[in-house]
1. For segment 8-66, list log₁₀ I(q)/I(0) at each q in 0.16 Å⁻¹, using the Debye formula over Cα point scatterers of equal strength and ignoring solvent, two decimals each.
2. What does the highest-first list of 22-31, 49-58, 62-71 look like by mean Cβ count within 10 Å?
3. Work out how much length Leu44 to Met32 would gain on full extension: take 0.36 nm times their residue separation and subtract the Cα-Cα distance, in nm to one decimal.
4. At 7 Å along the Cα-to-beta-carbon direction for both Asp72 and Ala10, put a label point, then send me their distance in nm to one decimal.
Amino acid sequence: MATSPNDNLAQKNIIELYAQCNSCLDHRPEGMPPRDWGILDVGLTKDGMHIQLWCRRCEKNVAVFTLTDIIDADCDECCEC
């Protein structure tokens, strides 16, 4: 289930493992953290059933996740899309 902007989980970073583009990691400058090097777009697909991670540096797909709940991308009351 998705969190709302006012949900306690949405108020802090709870990421345990960051997603990265493997191609980009191979070319990042020495000493630069992977978090600072990556440029990922994260978005909902048109069918509302998937979230895609897209590498803007390499212009390629990093991952697609299938959601268990369909997200209504037209939800005006839950976020500013």
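1. -0.60
2. Working: 22-31: 10.0, 49-58: 15.4, 62-71: 12.0.
Taking the mean over residues of other Cβ atoms within 10 Å, the ranking is 49-58, 62-71, 22-31.
3. Length gained, Leu44 through Met32: 1.4 nm.
4. 1.4 nm
No lab work stands behind these numbers, since they all come straight from the coordinates. In this text the structure is predicted, and so the values were computed from the model without any measurement. Virtual Cβ from ideal backbone geometry, glycine too; neighbours counted across all protein chains shown.
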